[in-house]
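Student: Structure below; questions to follow.
The values are calculated or read from the model by the stated rules, or taken from the named source; none is laboratory data. Every value quoted in this text rests on a predicted model; they were computed, and no experiment measured them. Using ideal geometry, Cβ is built from the backbone for each residue, glycine included, and neighbour counts are taken over all protein chains shown.
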Amino acid sequence: MNAGDIARFADVGRAAVSNWRRRHEDFPQPIGGTASSPLFSLSEVTAWLRGNGKSFEVSLGDLVWQRMRTTVDDLRLGELVGRIGAFLLFLQRDPAGWRRHGARLRAGDYDITAVTALAGPVAAATADLPGSPGLAPDDDPALLRLTARLATENGPLAAFEFLCARYVEAHSRQLSVTRDDVAALMARLVDPGGGTVLDPACGVGTLLLHAAGPLGQEINETNALLTAVRLLLRGTRARVVAGDSLREDGLAGELADAVVCDPPFNERAWGYEELAGDPRWEYGLPPRGEPELAWVQHCLSHVRPGGLVAVLMPSAAASRRPGKRIRGNLLRAGALRAVIALAPGGPDLWVLRRPNGERPSSRLLIVDAAEDLSIVEPAWRAYTADPEAEPPGARTVRIIDLLDDEVDLAPGRHRPPQGGVDFVRDFSDALHRFREASAPLPEAPPALEMLAERQELPTTTIGDLVKAGLVTILQAPAKMTADEGTVPVLTADDVAAGTAPSGGTLLDPGLVMVEAGDVVTTALGAVRVVELPGTALGPQLTLYRVDPARLDPYFLAGFLRSADSSRVHPSSSRLDVRRARVPVLPLAEQRRYGVAFRELAALEDRLRETAALGKTLIRLGFDGLVDGHLRPCGQGV
């Protein structure tokens, strides 16, 4: 285990672990790793924590992960994660086979023949995985037993997502993972309505998790295996192949309904010489230093006519001089439909449509969403409905005006012009709203009493509250049929932002309907008490329904959030949430705490709103000063 693991177990910061090492001579010595990233023995560290009176908690998921870390070195860790993934897929697909063949492992038999006997059934049940991910003869029987326990408690999918998150964290410098909000946005923009979606550089599968019919190719065999396991554990009809998509197209000739891609940036050795005459370069041979333009054309070659492509691109790709010919050809053919800035400095999102013989649009959609991703979808929907109309929060530019000597598509260069009257109105409105939102902030924090000494309260666990009937935990269905009508759906984004339900689905007996007073949490730790009933619980949400005669929902939400804040982040998991501790207090005292938690949550919402208004005001202020619509006070004419 590393210093980050120790900090997580003990619920302290990494700096505290460094202080322990310096101040305590008896702190365990490293047993591996490097000087800058040492590794320690789990048993030695837990013994030291226990001996020094420091509380800690090691979940079953952590035990599995630490067992894996000690079984192989870091260079082979990905292979082991893949084999454990295959084992979890076997447990999901063939539980009867596990009951038959896993008896010796469950009985505590450490004989290597027990693993060997299990390898055949695992391989047979997971033959659709890329490569040969079956169990290895030297795989640890104790690790397999722990993994099976983890799958029993949390489900094979949740178990593998936990291990994948830890693997990505441990190899964060080698692995580039697309932001979840960007991945979800890309999926929604190109949504083929249940059709096939291809990612030719799928990494560990983030972009394909939202697809009903995923296809993938990945140059790294281990990552291809991890992607396949993640998708197949979700019950999708997934197919993932390993190999270099540009040099060795494993899906040559296949056309998907949509394509999403987050390709490697600035990769000079992409095959420029050997691929010079490739038929995929319909819009021009990509320059040696513009591999992203090769990926754009590869994606277009794999989508059906009329199908959409969403590709993440470095911001410089919109204006670099060597790529202007290809950019111009994409515009002339009507293939490039939108360029969207997602963050300052990039990446940008290019949305393309493969020409299908229809008359191409004469305008390109330009969106600067660096401050607010929520403007992208309304702008795209409005543009697809009427390319000639000016979409909300964005603008369209005539393609003929872009076909100059530079073919510069950078969103920053094509911001909507600030009209005099409109600008004065927008700036005045932004200033008024910011002042109105920020005025109550000094009085917003709840009245909290400072104690001279830390108050020790008797506690119980969420699991015990469930057993006692005070709490019922419900999970949303893994999949829902998207539909804007019938039933409103509360999504993870809604819970995080504190907004009204934004999703929709068809009426189904399997839906979990939210009631007033329910506590809803997301996988990333957002917690909110729902006050209005009548919505369905969305995917990746957990609902805690309390007995209001014995437990205050705002009290529970506050302590649930505190538990989540120390466990739910990229390096942690929700797997041990039932162990989160809650004080045992009379209902009247719970309600006092609940009021304080409720006021803090309201303050957080107000701060979030004020921050968003402040960003708008700052942007308009800069634009106005630069464009001449504003000037500093006190300056002469």
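Student: What number of residues within the stretch 437-458 are in a helix (DSSP H, G or I) and either surrounded by fewer than 11 Cβ atoms within 10 Å (Cβ to Cβ) or over 34 Å from the mean Cα position of the chain (by Cα) (or both)? Spell out the reasoning first.
Tutor: Going residue by residue through the stretch 437-458, those that are in a helix (DSSP H, G or I) are 437-438, 441-443.
Subset that is either surrounded by fewer than 11 Cβ atoms within 10 Å (Cβ to Cβ) or over 34 Å from the mean Cα position of the chain (by Cα) (or both): 442-443.
Qualifying residue count, the stretch 437-458: 2.
Student: Follow-up question, since we're still on this one. Only residues in the stretch 208-222 that are closer than 13 Å to residue 251 by Cα count as the first member; pair them with residues that are in a strand (DSSP E or B) and among the polar types (S, T, N, Q), Cβ under 7 angstrom, at least 6 apart or cross-chain, and list the lot.
Tutor: Between residues of the stretch 208-222 that are closer than 13 Å to residue 251 by Cα and residues that are in a strand (DSSP E or B) and among the polar types (S, T, N, Q), the close pairs are 215/196.
Yes or no, residue by residue, for (1) among the small types (Gly, Ala, Ser); (2) more than 29 Å from residue 315 (Cα to Cα); (3) in contact with a strand residue (DSSP E or B) (Cβ under 7 Å, 6 or more places away or on another chain):
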{"position": "224", "(1), (2), (3)": "yes, no, yes"}
{"position": "231", "(1), (2), (3)": "no, yes, yes"}
{"position": "235", "(1), (2), (3)": "yes, yes, no"}
{"position": "239", "(1), (2), (3)": "no, yes, yes"}
{"position": "249", "(1), (2), (3)": "no, no, no"}
{"position": "257", "(1), (2), (3)": "no, no, yes"}
{"position": "276", "(1), (2), (3)": "yes, no, no"}
{"position": "292", "(1), (2), (3)": "no, no, yes"}
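Student: Are any residues in the stretch 115-174 surrounded by fewer than 20 Cβ atoms within 10 Å (Cβ to Cβ), in a loop (DSSP other than H, G, I, E, B) and among the small types (Gly, Ala, Ser), and if so, which ones?
Tutor: Correct list: 127, 131, 132, 136, 155, 172.
Student: Taking the condition of being under 19 Å from residue 316 (Cβ atoms), at pLDDT below 90 and either of a type in the set (A, V, I, L, M) or assigned to a helix (DSSP H, G or I) (or both), how many residues in the stretch 397-424 meet it?
Tutor: 4
Student: Residue 77 fails exactly one of the following numbered conditions: (1) hydrophobic (A, V, I, L, M, F, W, C); (2) surrounded by fewer than 17 Cβ atoms within 10 Å (Cβ to Cβ); (3) in the same structural domain as residue 140 (by TED's automatic domain parsing); (4) touching a Phe, Trp or Tyr at 6+ places or on another chain (Cβ under 7 Å). What is the number of that condition?
Tutor: Every listed condition holds for residue 77 apart from (2).
Student: Scan 520, 577 and give me the residue that is at pLDDT 90 or above and under 30 Å from residue 157 (Cα atoms).
Tutor: Numbers: 577 fails: at pLDDT 90 or above.
Just one listed residue meets the conditions, 520.
Student: State yes or no: is residue 40 surrounded by 15 or more Cβ atoms within 10 Å (Cβ to Cβ) and touching a residue at least 24 places away in the same chain (Cβ under 8 Å)? Step through it out loud before you land on a result.
Tutor: Details: surrounded by 15 or more Cβ atoms within 10 Å (Cβ to Cβ): yes; touching a residue at least 24 places away in the same chain (Cβ under 8 Å): yes.
So residue 40 fits the description; yes.
Student: Give me the pairs: first residue in the stretch 259-276 and closer than 27 Å to residue 194 by Cα, second residue among the polar types (S, T, N, Q), beta-carbon distance under 6 Å, and six or more apart or on different chains, which are they?
Tutor: 262/178
Student: List the number of the failed condition for residue 601; all other conditions in (1) of a type in the set (Gly, Ala, Ser); (2) at pLDDT 90 or above; (3) within 30 Å of residue 4 (Cβ to Cβ) hold.
Tutor: Here residue 601 clears every test but (2).
Student: Right, another one. From 339, 367, 376, 351, grab the single residue that is in contact (Cβ under 8 Å) with a residue 24 or more places away in the chain, touching a Lys or Arg at 6+ places or on another chain (Cβ under 7 Å), surrounded by 19 or more Cβ atoms within 10 Å (Cβ to Cβ) and among the aliphatic types (A, V, I, L, M). Can you show your working first?
Tutor: Details: 339 fails: touching a Lys or Arg at 6+ places or on another chain (Cβ under 7 Å); 367 fails: touching a Lys or Arg at 6+ places or on another chain (Cβ under 7 Å); 376 fails: touching a Lys or Arg at 6+ places or on another chain (Cβ under 7 Å).
Among 339, 367, 376, 351, only 351 is in contact (Cβ under 8 Å) with a residue 24 or more places away in the chain, touching a Lys or Arg at 6+ places or on another chain (Cβ under 7 Å), surrounded by 19 or more Cβ atoms within 10 Å (Cβ to Cβ) and among the aliphatic types (A, V, I, L, M).
Student: If I filter the stretch 151-164 for residues that are closer than 19 Å to residue 239 by Cβ and either touching a strand residue (DSSP E or B) at 6+ places or on another chain (Cβ under 7 Å) or in the same structural domain as residue 262 (by TED's automatic domain parsing) (or both), do I get at least one hit?
Tutor: no
Student: Can you find even one residue in the stretch 484-505 that is loosely packed, with under 13 Cβ neighbours inside 10 Å, in a loop (DSSP other than H, G, I, E, B), within 25 Å of the chain's Cα centre (by Cα) and not acidic (Asp, Glu)? Spell out the reasoning first.
Tutor: Keep residues of the stretch 484-505 that are loosely packed, with under 13 Cβ neighbours inside 10 Å, which gives 484-485, 500.
This time we only want the ones that are in a loop (DSSP other than H, G, I, E, B), so: 500.
Adding the requirement that they be within 25 Å of the chain's Cα centre (by Cα) leaves 500.
Now restrict to residues that are not acidic (Asp, Glu): 500.
Within the stretch 484-505 (the criterion being loosely packed, with under 13 Cβ neighbours inside 10 Å, in a loop (DSSP other than H, G, I, E, B), within 25 Å of the chain's Cα centre (by Cα) and not acidic (Asp, Glu)), the answer is yes, since at least one residue qualifies.
Student: So which of 69, 76, 100 ends up being on the phi < 0 side of the Ramachandran plot, basic (Lys, Arg), assigned to a helix (DSSP H, G or I) and in contact (Cβ under 8 Å) with a residue 24 or more places away in the chain? Full working, then the answer.
Tutor: Details: 76 fails: in contact (Cβ under 8 Å) with a residue 24 or more places away in the chain; 100 fails: in contact (Cβ under 8 Å) with a residue 24 or more places away in the chain.
On inspection, the qualifying residue turns out to be 69.
Student: Looking only at the stretch 143-187, how many residues end up being among the small types (Gly, Ala, Ser) and more than 20 Å from residue 102 (Cα to Cα)?
Tutor: 8
Student: Another one. Considering only residues that are at pLDDT below 85 and either in contact with a His (Cβ under 6 Å, 6 or more places away or on another chain) or part of a helix (DSSP H, G or I) (or both), which ones fall in the stretch 43-62?
Tutor: Residue satisfying the conditions is 43 alone.
Student: With the stretch 299-363 as the region, which strands (runs of 3 or more DSSP E) entirely inside it contain at least 1 residues that are at negative phi, of a type in the set (Phe, Trp, Tyr) and assigned by TED's automatic domain parsing to the domain that holds residue 380?
Tutor: 348-353
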